[in-house]
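Asks: Sharing a structure here in structure tokens format.
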Amino acid sequence: MKTFCGLICFFLTPLLLFSQSNTTIAIIPEPVSVNRTSGEFILPKNIVIEAGSQTDLKQVISFLKDRLSVPTGAHVSVGTSNANAVIKLMLNKSMDTKLGKEGYQLSVTPKNIIVRANQPAGLYYGAQTLVQLFPKEIESAEFVKNVRWFAPAVEITDYPRFTWRGLMFDVSRHFFTKQDVKLYIDKMVRYKYNILHLHLTDDEGWRIQIKSLPRLTEVGAWNVNKTGYFGTFSPPAADEPRNFGGFYTQDDLREIVQYAKERFVNILPEIDVPGHSLAAVVSYPELSCTPGADKYVVRSGEQIMDWSHGAPPIALVDNTLCPANEKVYVFLDKVLTEMAQIFPFEYIHMGGDECPKNFWEKSEDIKALMQREGLKTMEEVQSYFEKRLEKIVSSKGKKLIGWDEILEGGLAPSAAVMSWRGMKGGIEAAHMGHEVVMSPTTFAYLDYMQADPVIEPHIYASLHLNKAYQFEPLPDGVDPKYIKGGQANLWTEQVYNMRQAEYMTWPRGFAIAESVWSPKEKKNWNDFVRRVETHFDRLDEAETKYSPGVYDPIVSVKRTVDKQLKIELSTEIEGLDIYYTFDNSFPDRFYPKYTQPLTPPKDAVQLRLVTYRGKKQVGRLISITMDDLQKRAPIK
Ligand code: ACM
């Protein structure tokens with residue numbers, strides 16, 4: 001018997017150990033503390049959830065019910081108190097200060113699962129973490145056969161580092177429907193984001209119904225559908241139909257606000273003024289300083305700015321509201337009155353970025369305003385506008401937040417700043433005692449390319465996952481009390497549909513989520529990559545699109561002293577091999593492996609690359625012409 005047991009144990013122990021260590025936990029964003037305990041919780045066929053009776057728990061319960069029943073086929077019932085409950089959602093009777101408003105404790109044992117929190121939001125985040133503990137098939141929208149539904153036993157304590165964990169969705173450059181916005185909310189809350197900033201107006205479309213200003217959506221919400229590279233489209237002809245776009249009615253927006261609220265998300269609405277306002281100017285040309293604005297049309301992606309001199313741009317059409325025109329302030333008062341009634345969030349974003357000044361410079365009205373108010377520069381003119389705007393926003397019981405240009409020429413006393421041109425504006429505003437949200441292009445711009453330009457929809461800059469992961473919202477030497485948190489921004493000039501919106505958001509949205517939720521000292525690139533790869537499998541199950549760009553090779557082109565091309569290759573992820581060829585065929589792992597910088601053969605026309613992990617191709621095939629490589633390292 002002893003020998004028999006010895007043999008069994010000899011064979012079984014490694015298997016048991018393997019199955020235990022194989023249940024590697026991969027939570028994004030990484031929690032404050034995770035302690036793996038022994039055993040696992042097996043999901044029964046009949047799941048009883050015990051929860052309090054608050055209506056605030058409706059979404060927590062419905063989220064859990066959906067995930068735990070649809071893919072598993074289990075039956076889920078919910079009660080306020082039940083001895084058979086295997087999942088208990090408990091609100092603390094007395095406040096656990098460490099957990100705050102959004103923290104939670106999650107205990108998974110072989111017997112049951114308990115989520116505790118001070119507030120419903122904490123239970124919601126605990127439920128999100130719990131779902132991430134189950135096998136990836138839990139993400140499926142359909143029943144999945146032959147899965148062992150279990151979660152590893154674990155004790156987790158978790159709470160966010162920052163209260164502002166935002167994503168911005170530009171619904172102006174391209175319009176996204178109410179259903180699209182709800183879908184975006186569903187995906188963002190999985191990673192514990194709690195603010196959705198909707199960029200509702202721009203040169204390409206005014207997307208919010210303002211009942212007292214009907215032309216904003218009758219005229220301002222529509223342009224011409226074009227395909228190609230936005231920004232370079234031919235100017236639309238008079239006979240091209242202006243039927244592309246759309247807007248949200250106030251009822252739509254109330255529905256979105258409610259949907260978001262049930263998922264513990266605040267909606268931050270943005271009206272971008274005084275620049276980026278062509279849709280408003282076209283609707284009401286009297287808001288412009290420039291004669292002839294009544295001939296303008298809502299932009300369909302044709303060139304309207306000259307960026308060749310840097311920022312601010314030179315406008316080719318005047319897309320600004322006129323700070324010297326009293327009608328503009330009456331207009332903004334009307335807009336803000338209606339907005340304040342739709343959006344309960346304490347902030348309203350009033351834009352302020354990239355306002356061209358060249359038409360203002362020519363305006364007699366602006367000259368008169370400058371004289372009257374003692375304004376010396378165009379930045380001071382914008383500052384005058386922002387200060388008046390802030391008074392209107394305050395009069396509606398809201399706080400103004402704006403892009404960091406609102407600092408130029410003097411910041412309005414209670415304005416908060418969203419720092420996008422790097423961290424500098426945010427640091428300056430925090431030193432002046434203003435609230436700040438960091439959303440720098442350098443780390444948090446989701447419209448930027450995330451892999452080689454040759455395979456990405458082209459845009460003027462790149463942001464790879466490893467750079468996004470370096471986002472640190474709290475710079476050294478800044479008082480943390482002014483840094484509310486951070487945000488990633490998805491501008492949609494080149495984003496035409498939801499699949500592309502998802503592709504641009506994930507996985508960089510993971511990196512930003514971890515930067516705003518997890519303790520700084522818990523961030524670890526290699527471990528993050530491990531978890532990202534696990535979540536790629538989960539997104540596959542959920543049929544959510546993401547960019548696999550992190551597997552692609554990074555190409556860096558240099559010149560030798562005798563001006564020959566020198567091509568250096570690397571990968572973001574450790575442990576990948578790069579195979580290449582200049583012979584126009586398709587490389588695989590039987591081709592030359594990259595080990596040192598490459599010099600192209602004299603008559604080569606293209607370089608082709610692919611990455612492998614062991615025998616498995618992981619990166620996409622990249623083909624770059626020699627002309628392109630030459631342009632990447634111009635001879636000086
Ligand atoms: C911005 O990206 N113009 C705020």
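Asks: Return the pair list, or none, for Cβ contacts closer than 8 Å from residues in the range 348-363 that are of a type in the set (Val, Ile, Thr) to residues that are away from the ligand (no atom under 16 Å from the Cβ), at least 6 apart or on different chains.
Replies: So the pair list comes out as Ile348/Leu336; Ile348/Met339; Ile348/Ala340; Ile348/Val393; Ile348/Lys396; Ile348/Lys398; Ile348/Lys399.
Asks: If you don't mind, another one. Under the condition of being under 12 Å from Pro473 (Cα atoms) and not in a loop (DSSP other than H, G, I, E, B), which residue from the range 407-429 is nearest to the ligand (Cβ to nearest atom)?
Replies: Taking the candidates together, the pick is Met418.
Asks: When only residues in the range 391-406 that are assigned to a loop (DSSP other than H, G, I, E, B) and farther than 17 Å from His197 by Cα count, which is nearest to the ligand (Cβ to nearest atom)?
Replies: Result: Lys396.
Asks: So, in the range 430-441, of the ones that are away from the ligand (no atom under 15 Å from the Cβ) and surrounded by fewer than 24 Cβ atoms within 10 Å (Cβ to Cβ), which residue ends up nearest to the chain's Cα centre (by Cα)? So that I can check it myself, show each step before the final result.
Replies: As a first pass, look at the range 430-441 and keep what is away from the ligand (no atom under 15 Å from the Cβ): 430-435.
This time we only want the ones that are surrounded by fewer than 24 Cβ atoms within 10 Å (Cβ to Cβ), so: 431-435.
Values: His431: 27, Met432: 28, Gly433: 27, His434: 24, Glu435: 21 Å.
Of everything passing the filter in the range 430-441, Glu435 is nearest to the chain's Cα centre (by Cα).
Asks: Given the condition over 18 Å from Trp206 (Cβ atoms), surrounded by 18 or more Cβ atoms within 10 Å (Cβ to Cβ) and modelled with pLDDT under 95, answer yes or no: does some residue in the range 272-295 qualify?
Replies: yes
Asks: Kindly evaluate Ile459 against the criterion of being aliphatic (A, V, I, L, M) and away from the ligand (no atom under 16 Å from the Cβ).
Replies: no
Asks: What single numbered condition from (1) within 14 Å of the ligand (Cβ to nearest atom); (2) surrounded by fewer than 22 Cβ atoms within 10 Å (Cβ to Cβ); (3) in contact (Cβ under 8 Å) with a residue 60 or more places away in the chain fails to hold for Ala444?
Replies: (2)
Asks: When the residues of the range 66-89 are filtered to those that are assigned to a strand (DSSP E or B) and surrounded by 15 or more Cβ atoms within 10 Å (Cβ to Cβ), which remaining residue is nearest to the chain's Cα centre (by Cα)?
Replies: Leu89
Asks: Another question, then. Being within 16 Å of the ligand (Cβ to nearest atom) and in a helix (DSSP H, G or I) narrows it down to one of Gln382, Gln371, so name that one.
Replies: Gln382
Asks: Yes or no: Trp206 under 29 Å from Phe343 (Cα atoms), in contact (Cβ under 8 Å) with a residue 12 or more places away in the chain and touching a helix residue (DSSP H, G or I) at 6+ places or on another chain (Cβ under 6 Å)?
Replies: So Trp206 passes the test.
Asks: Looking at the range 339-359 only, could you name the residues that are touching a Ser or Thr at 6+ places or on another chain (Cβ under 7 Å) and either among the polar types (S, T, N, Q) or away from the ligand (no atom under 16 Å from the Cβ) (or both)?
Replies: Hit for the range 339-359 is Phe359, nothing else.
Asks: Any idea which of Glu543, Glu574 is without any contact (Cβ under 8 Å) to a residue 60 or more places away in the chain and either surrounded by fewer than 19 Cβ atoms within 10 Å (Cβ to Cβ) or in contact with a helix residue (DSSP H, G or I) (Cβ under 8 Å, 6 or more places away or on another chain) (or both)?
Replies: Values: Glu543 fails: without any contact (Cβ under 8 Å) to a residue 60 or more places away in the chain.
Within the list Glu543, Glu574, the selection yields Glu574.
Asks: Given the criteria of a type in the set (Phe, Trp, Tyr), farther than 16 Å from Glu155 by Cα, assigned to a helix (DSSP H, G or I) and at pLDDT 50 or above, does Phe63 qualify? Let's see the steps before the verdict.
Replies: Details: of a type in the set (Phe, Trp, Tyr): yes; farther than 16 Å from Glu155 by Cα: yes; assigned to a helix (DSSP H, G or I): yes; at pLDDT 50 or above: yes.
Yes; evaluated as a whole, the condition is true for this residue.
The values are calculated or read from the model by the stated rules, or taken from the named source; none is laboratory data. Since this is a predicted model, take the numbers as computed values, not measurements. Quick reminder, even Gly has a Cβ in these numbers, built from the backbone with ideal geometry, and neighbours come from all protein chains shown.
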